[in-house]
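Below is one structure, written out as structure tokens, with a few remarks after it.
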Amino acid sequence: MSANEKPTIGVIGVGWVGLVTAGCFAELGHRVIAMDVNADKVEMLRGGGTLPIHEPGLPELVDRNSERLEFTTEMAHVLAHCRVLFCCVDTPPTYSGDADLSRVQAVVATLPDGGEHALVMKSTVPAGTGEAIRRSKPDLVYVSCPEFLKEGTAVADFMQPDRVVIGADAGSEWAAELIASAYEPLGGEIVHTDVASAEMIKLASNAFLATKISFINEIANVCEEVGADVTEVAAGMGLDERIGPKFLKAGIGWGGSCFGKDTIALKKLAGNTGYHFQLLSAVIDVNELQKRRVVGKLKERIGELAGRRIALLGLAFKPDTDDMRDASSLVLAARLRGEGAHVSAFDPVASDRARRLLPEIEICESAAAALEGADAAILVTEWPEFAELDWQELGGGMANPLIVDGRNFLDPAQLRAAGFTYEGIGRAPVGEPGRVA
Ligand code: UDX
């Protein structure tokens, strides 16, 4: 490597985080060698065809940088060319709620002794993992560099980070410097700290964001009781600089790969030390109840749900992704089926994944097909195209034009004008109140 040449970066695990990390470092001019144990996935990526995940902007980025991006199943090949290895393997929750670190441990086991290589932890791990790994492998150069990317905007988030957190302890300084200079062109604040604090920044950030959402969801529930509108309340609150306007959208609960996993991991982490994290327990409970409250709303309107046809619009945990992990739709669909309802659904992108996860519901090819003959609809995911639908026509095809807008996304006046009874979350219903026979 010449003096001004950028170092080759290794990425271990080409799931969502790994692919975004690999593609973005290649875009910044690094040669990247990305490794995965799944040979089929590696073959697919080498072929330059469709990516195994849906992330806006990523296919173009990977395509544009294909000359700098190499995919392999061989760890030895990565070790031969890269000093810095970004660990992006998944750490799913176990039955006890602890993170499953077996894939991380498998990576650590393949690293040679001698301190020539640095392991940069991107995977979400409990605070204390870095220390435990270094105890088992004392000369390992270990850096915690937690991930804050949001699905759907991951490429932009990587390229314009609010901050980059680099946690390194004594002996790992060279790696911390190398990582800092790789991120430096992006302009975000670089936070240098110790490993344990970096690990906690990640868990605490996600737990705080989840808390913000559960908080506004509880405010929404109180708004319904007192006749206030939570969207107005959130807007008014958000103008206080100390509060800020983001993550104050009330709805049917948070989902996704991080919030559920990280809140439980932090709660368990605290519990394992004997500390009961009461606030976080409530945050998680509120989120579970929030998904179920929608079923109560429907029952108030149309009575028992057995034999009724209920349509779900959107299944992914949020728009611009096909990710169904911890999606509110999963609980909602199962609850509705539990009540004996027939459930039809449409999602513009997540249908294939949903079919595997929700075999008992009818996945349709269009919103119109899902709504045809329905006694009620629930908007689960705020896909932009749902705002553009011809609601007049869609309402005409329903047995009963009732919609519960689980994301406060649609325009109540427009829906009312199209003949709908509209009910949001934490705002006054419009249209005909009461039961529909
Ligand atoms: C989150 C974190 O934002 C990110 O920093 C971390 O790296 C991974 O977890 P992500 O799961 O991709 O990212 O989605 P995000 O946009 O944060 O939304 C999470 C969930 O919260 C979604 O289900 C979304 O619908 C919900 N949400 C978000 C709300 O209900 N209200 C809000 O105001 C914001």
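The values are calculated or read from the model by the stated rules, or taken from the named source; none is laboratory data. Keep in mind that this is a model prediction, so the values were computed, not measured. Positions of Cβ are generated from backbone atoms using ideal geometry, with glycine treated the same way; all protein chains shown enter the neighbour counts. We work out accessible area using only protein heavy atoms, side chains counted, and drop any ligands, DNA or RNA first. Shrake-Rupley method; radii C 1.70, N 1.55, O 1.52, S 1.80 Å.
Ellipsoid semi-axes for the chain, based on the Cα gyration tensor and the rule √(5λ), read 43, 24, 19 Å when sorted largest first.
Between GLU372 and ALA228, the simple spin-label model (points 7 angstrom out along Cα→Cβ) gives 4.4 nm. The residues of the chain present an accessible area of 44 Å² per residue when probed at 1.4 Å with all protein chains retained. With the simple model of a label 7 Å out from the Cα in the direction of the Cβ, ALA282 to ALA170 spans 4.2 nm. Over all other residues within a Cβ to Cβ distance under 10 Å of ALA168, the charged ones net out to -4, with Lys and Arg as +1 and Asp and Glu as -1.
How would the stretch 233-362 be classified by its alpha-carbon gyration tensor: rounded, prolate or oblate, with rounded meaning a/c under 1.5 and the a/b versus b/c comparison settling the rest? Walk me through the numbers on the way to the answer.
Values: a/c = 1.70, a/b = 1.53, b/c = 1.11.
Since a/c reaches 1.5 and a/b is larger than b/c, the shape of the stretch 233-362 is classed as prolate.
For the chain, with all protein chains in place and a probe radius of 1.4 Å, 53% of the accessible heavy-atom surface sits on carbon or sulfur.
Remark: the stretch 291-299, residue by residue, has Karplus-estimated 3J(HN,Hα) of 5, 7, 4, 4, 4, x, 4, 5, 5 Hz, where x stands for each Gly or Pro and the curve is 6.51 cos²θ - 1.76 cosθ + 1.60 at θ = phi - 60°.
Against the main long axis of the alpha-carbon atoms of the chain, helix 195-226 sits at an angle near 10°. As a rough guide to protection, the peptides 162-173, 386-397 ranked by mean Cβ packing within 10 Å, highest first, stand as 162-173, 386-397. The long axis of helix 259-272 is offset from the longest Cα principal axis of the chain by roughly 70 degrees.
Residues in the stretch 380-392 carry Karplus couplings, in order, of 9, 10, 7, 4, x, 5, 5, 6, 8, 5, 7, 5, 4 Hz; the curve used is 6.51 cos²θ - 1.76 cosθ + 1.60 with θ = phi - 60°, and Gly or Pro positions show x. Quick check: the angle from helix 173-183's long axis to the longest principal axis of the chain, C-alpha only, nearest 10 degrees? So the inclination is approximately 50 degrees. For VAL84, the residues whose modelled amide H falls within less than 5 Å of its own, excluding neighbours fewer than 5 places apart on the same chain, are GLY10, ALA118. What residues of the stretch 200-233 lie in the reach of a label at GLU300, counting those whose backbone N is under 14 Å from a point 7 Å from the Cα along Cα→Cβ? So the set is 220-230. Each residue was assigned an accessible area with a 1.4 Å probe, and for CYS258 the value is about 40 Å². In percent, what relative contact order does the stretch 251-349 have, based on Cα pairs under 8 Å that are 6 or more apart in sequence? Relative contact order comes out at 33 percent. Karplus-derived 3J(HN,Hα) values for the stretch 399-406, using 6.51 cos²θ - 1.76 cosθ + 1.60 with θ = phi - 60°, are 5, 8, x, 10, 10, 9, 8, x Hz; glycine and proline are entered as x.
Run the numbers for ARG292 and ALA109: contour at 0.36 nm per residue of separation, minus the present Cα-Cα distance, in nm. Walk me through the intermediate numbers first.
Details: separation 183, 0.36 × 183 = 65.88 nm, distance 4.35 nm.
That works out to 61.5 nm of additional length.
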